[in-house]
Structures are given as structure tokens and as C-alpha cells.
Amino acid sequence: MAKAFSGGAGGDGSGGSRAVRGALTVLAVLTAVTVGSCTVQTDNLDDGARSPVRIEVSHPPADGKPAGTATPTPTTTPKRATPPPAPPPAVLWSRGDTGRDVRELQARLRQVAWLYDGPTGSYDDLTESAVKGFQGKRGLPVTGKTDTVTWQRLLRMTREPGQWELFLMGGQPAAYPDPRCLTGRVLCISKTSRTLRWMVDGQTVSTVAVRFGSQYTPTREGVFSVYWKSRHHVSTLYDSPMPYAMFFSGGQAVHFSTDFAARGYGGASHGCVNVRDETAVAAIFAEVSNGDKVVVYW
């Protein structure tokens, strides 16, 4: 009985070793089942030999996401830079400015009925008021200064003014004197530039803007002389005042005209040479003498 027991337990020891290994295998399987988070893999199971048991433990990720899932890198949307404020429109002309450009501004303001005087070429209080009215009507900042926005708006609403629109109230450059004006004391009158030069020995003493007769009552051209001066003259034919009259051809004279001062070249004389600057014509009247030459030319 003792021998049989010894042989059954392993005899030479091999049987006992197989029994121990089998028990360990069962224990490992039970452990895998109990733990639940581990798996047991066995290869080449047979009666003679078994491969080593490999146990792989899979730990759940700390963030709860499946293994192998990349965690996206948080991105920050850049803030859009605030653009700097637009610069105010540049001022082209304002009160006190003078010149040809101011004349054009005034002529265009006349076209849209915001200015009734001028053009004078001087940005005065009337021009400033006209610009303010134009700006306010169009919803622009009311400054009275002509900036680029105001000017562009006015350009779109008007046309290019003609030469006489620019010099409606005078101030145009005088034409070169006729050769007959270069000697002696002369009232040198150009129909082309609509100007009168008071000249002494070829030198211009003063220049004023003038207007002439209409198509039906034209001012005569040629060389004449002053034959009569009348400070407070009133026309017997038209019953109109002709102050500072200097007669040179029949009833035609150089004199101050309130109508020319008010309307500019929108009107015409009955043949006389009208002057709109009363102060200037008064000074010329004081210097001119009977017998002084008068030249009227194109």
C-alpha cells in the first residue's frame, strides 16, 4: 500500500510535478476570472508540456477615454485687432484763402444756388456760410471748411465753370496793353479780358474789371479822348445814375454801375464801360483829365 501510494504520487517524482503544475494553472485561470481586468493566454496546451502563462493587465486611462485616443490640443482664437480710426478728410480751403481754386469753388456753389455773390477769389464769410449750408443739406459735418469729401460731392453735382463764370464779378487778369496805350495818359480798355488799365507813360497805375454794352447797344471800339467828366451824372435817356462818368464817345462813358456791382456779368450796359469797384473808379476819376486818351480794343 505504501508503494502504491508512492507511485501514485509521482513515483520517481515526475507525476507529482505534473500535478503541481496543473494546480497552478487552474489557480491562474481562477485568478483571471476573479480579477476581471486581466486576461490569460495559453499556447500549445497538450498532455506533455505547456507554455508559460502570460498575463496582460489593461489599465483604464485616467481621463476615461479609450486607449489610443489622442487628446486634442486646445486652441485659442486670436483676437482681431481693432483698426485705427480713419483720419479726418483733408481741408482744401477755408476762410481767408484766396486764389483761382477758391473762385472755382464759389462758381460751383453758385450753380447749386448756395452762393449768390462772387466769385471773388476770396474765401469770405459768405462763402463759409454757403459751404455750411451745402454740408448740412448733404448730411456732412458742418464746418464751413471745404474738405475733400465736401469738394468731391460738389464736383459730382456741378459742371466745370467757364472763364466768365470764374470772373463773374471781375478780378480776371488784364490783357496785355494795346500798343496805342503805351504812350501818354490812357484809359486802356480790353474787351477780351474785360479790364480797364489806367496807364501813364506805359506804366499801369491801376486795373479794374469792366463790362460793356449788349449785342444791340455795343460799346464802340477805337481811339478816343475824354471830353467831359460828371461826378454825379444821371442818364437823361435811361434815367439811371452814372456816378464818376468820364465821357469819351457821344453818350458812352466810363462810370460806376450799381447794377454791375450787384449782378456782375449777368447784365450789360447800354454801351457805356461799367466799373463795379466804386472806390477804384473814384480814384481814377480824380486823376483823369479832359483830353486824356481812351483806347477800346479786343
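Of the listed requirements (1) within 26 Å of Gly121 (Cα to Cα); (2) touching a Gly at 6+ places or on another chain (Cβ under 8 Å); (3) modelled with pLDDT of 95 or more, Thr219 misses just one: (1).
The criterion of being over 23 Å from Tyr265 (Cβ atoms) and surrounded by 17 or more Cβ atoms within 10 Å (Cβ to Cβ) does not hold for Val149. Filtering region 155-174 to residues that are aromatic (Phe, Trp, Tyr) and crowded, with 20+ Cβ neighbours inside 10 Å leaves only Phe167.
Considering region 151-173, and only residues there that are farther than 25 Å from Thr195 by Cα and free of Cβ contacts under 8 Å to residues at least 24 places away in the same chain, the residue that is nearest to the chain's Cα centre (by Cα) turns out to be Gln152. Within region 236-249, restricting attention to residues that are at pLDDT below 95 and not aliphatic (A, V, I, L, M), the residue that is farthest from the chain's Cα centre (by Cα) is Thr236.
Can you find a residue in region 193-211 that is within 20 Å of Gly267 (Cα to Cα), outside the structural domain of Thr98 (by TED's automatic domain parsing) and not in a strand (DSSP E or B)? Checked against the condition, which is being within 20 Å of Gly267 (Cα to Cα), outside the structural domain of Thr98 (by TED's automatic domain parsing) and not in a strand (DSSP E or B), region 193-211 yields at least one hit.
Six or more apart or on different chains, Cβ atoms under 6 Å: show the pairs whose first residue is in region 215-243 and touching a residue at least 40 places away in the same chain (Cβ under 8 Å) and whose second is among the aromatic types (Phe, Trp, Tyr). So the pair list comes out as Thr219/Phe212; Phe224/Phe248; Val226/Phe248; Tyr227/Phe247; Trp228/Phe247. Among the residues making up region 113-169, those that are in a helix (DSSP H, G or I) and aromatic (Phe, Trp, Tyr) are Phe134, Trp151, Trp164.
For region 112-124, state whether one or more residues are more than 20 Å from the chain's Cα centre (by Cα), farther than 30 Å from Ala209 by Cα and not assigned by TED's automatic domain parsing to the domain that holds Ala261. No: zero hits. Just checking, does region 175-196 include any residue being crowded, with 20+ Cβ neighbours inside 10 Å, among the basic types (Lys, Arg) and either modelled with pLDDT under 95 or touching a helix residue (DSSP H, G or I) at 6+ places or on another chain (Cβ under 8 Å) (or both)? Yes, that holds for at least one residue. Residue count for region 199-216 under the criterion of being under 43 Å from the mean Cα position of the chain (by Cα) and loosely packed, with under 13 Cβ neighbours inside 10 Å: the result is 0.
The values are calculated or read from the model by the stated rules, or taken from the named source; none is laboratory data. Note that the structure is a prediction, hence the values are computed from the model and not measured. Cβ sites come from the backbone with ideal geometry, for glycine too, and all protein chains shown count toward neighbours.
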